[in-house]
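The values are calculated or read from the model by the stated rules, or taken from the named source; none is laboratory data. Bear in mind that the values here come from a model prediction, so they are computed numbers and not experimental data. Here Cβ is always computed from backbone atoms with ideal geometry, including for glycine, and neighbour counts include all displayed protein chains.
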Amino acid sequence: MHKHNVKSDQNGLVSIIVTIIIMIVLSLIVLGFAKVSRREQRQSLDRQLTSQAYYAAETGINDAQKYIKDQLALPSPPPPSAYTFTQCQGPASFTNVSGISNVVNGTTSYSCVLVDPSPEQLIWQRINANNSLAFPFKPSGPITGMTFSWQDADTLAANYGGCPGALPALPFVPQTSWTCQAGALRVDVTPVSGAVDRAGLISNTKNFILYPLNGGPSTFAYGSVGKGDIIPVGCAAVAPTPATPRHCNLTLTGLPSGDYFVRIRPVYRAAVIEMAAVPTAGTVTLTDAQAVIDVTGKANDILKRTQARASISRIDSITDNTTLDYTIQSVDSLCKQYAIIPPSTVTPTNSTPDSSCTFP
């Protein structure tokens with residue numbers, strides 16, 4: 001029997017192993033790039049859908065505001081309770097009531113509309129200097145005071161400061177010399193509960209100026225407010241607690257319970273303004289002034305929720321405040337003389353001035 005010697009030849013084994021390792025590494029790299037590519041693609045799609053959902057929510061806000069304005073323009077507008085949507089009834093009831101479709105484009109829509117016409121606070125994001133804001137409000141229960149909070153609409157909290165340390169001597173500081181990072185507020189408060197006549201309106205209206213001071217008080221007695229008084233208000237250089245969310249805060253104490261009409265006019269600077277009632281007990285909501293509109297937009301599986309406020313006062317919605325800011329203003333008494341202008345075919349005659357008027 002012959003024996004054959006088999007020679008073991010391992011040439012090329014290392015090459016095979018190296019090749020396998022390289023293939024594994026390349027496969028892992030390709031899988032990693034594919035996963036990153038899919039993630040980037042999904043993030044890009046999510047950003048696009050998020051934008052679509054946001055604009056769908058904005059559309060819902062605009063539709064709700066238009067519906068409220070249309071209702072207020074009616075000869076006999078419905079009460080604020082008619083604007084209430086509390087159970088995410090947007091697509092069904094909101095569409096049925098307003099006649100507006102909630103579908104924006106294909107699968108993009110606003111899926112939920114909530115409207116609350118009785119918020120606890122009234123908030124205005126920006127009222128320009130020397131523009132008036134006027135509104136009625138009705139507390140849902142007894143109140144003991146009213147809180148006014150405001151800050152500059154254009155200044156960050158880190159840059160806040162520069163308010164005077166004492167009330168000014170008349171005349172006021174000119175606009176160009178004002179250094180405080182919050183402007184003043186001119187406020188008119190008129191109780192309108194029960195029977196209202198001219199004499200009552202004149203005697204019960206309080207008009208005053210809230211003047212920001214470093215280290216000023218945070219409360220002031222409503223009964224001590226006279227007509228045209230300048231009331232000092234404490235303004236902090238840092239953001240206050242959530243209970244007093246603006247830099248300048250003042251609570252007027254001792255207000256009688258009832259309905260009110262309020263006019264606010266920022267002076268020197270545009271202002272973000274918040275107003276709330278101080279309840280006798282529990283919480284108090286304010287009706288007839290603002291509605292909080294909360295809308296959820298949907299694009300495929302992406303949801304975006306946004307919130308806005310709309311006026312439900314006919315004065316604020318119909319006139320847009322033009323009758324408040326462009327009437328005649330005078331620090332002295334105003335004498336008015338009325339005359340009937342004859343037709344152009346008749347030669348006008350001079351009228352005798354009123355004897356109560358004094359002319360230079």
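Looking at GLY215, GLY226, just one residue is surrounded by fewer than 19 Cβ atoms within 10 Å (Cβ to Cβ), farther than 20 Å from ILE143 by Cα and either of a type in the set (Phe, Trp, Tyr) or in contact with a strand residue (DSSP E or B) (Cβ under 7 Å, 6 or more places away or on another chain) (or both), and that residue is GLY215. For the stretch 181-218, the set of residues classified as touching a residue at least 60 places away in the same chain (Cβ under 8 Å) and β-branched (Val, Ile, Thr) consists of VAL187, VAL189, THR190, VAL192, listed by residue number. What are the residues in the stretch 177-207 that are polar (S, T, N, Q) and in contact with an Asp or Glu (Cβ under 7 Å, 6 or more places away or on another chain), if any? Matches in the stretch 177-207: GLN181, SER193, THR205, ASN207. All conditions but one from (1) out of contact with any Gly (no Cβ under 7 Å at 6 or more places or on another chain); (2) modelled with pLDDT under 90; (3) surrounded by 18 or more Cβ atoms within 10 Å (Cβ to Cβ); (4) of a type in the set (A, V, I, L, M) apply to LEU255; the one that does not is (1). The single condition among (1) under 22 Å from PHE85 (Cβ atoms); (2) at pLDDT 85 or above; (3) over 13 Å from the mean Cα position of the chain (by Cα) that ILE123 does not satisfy is (3).
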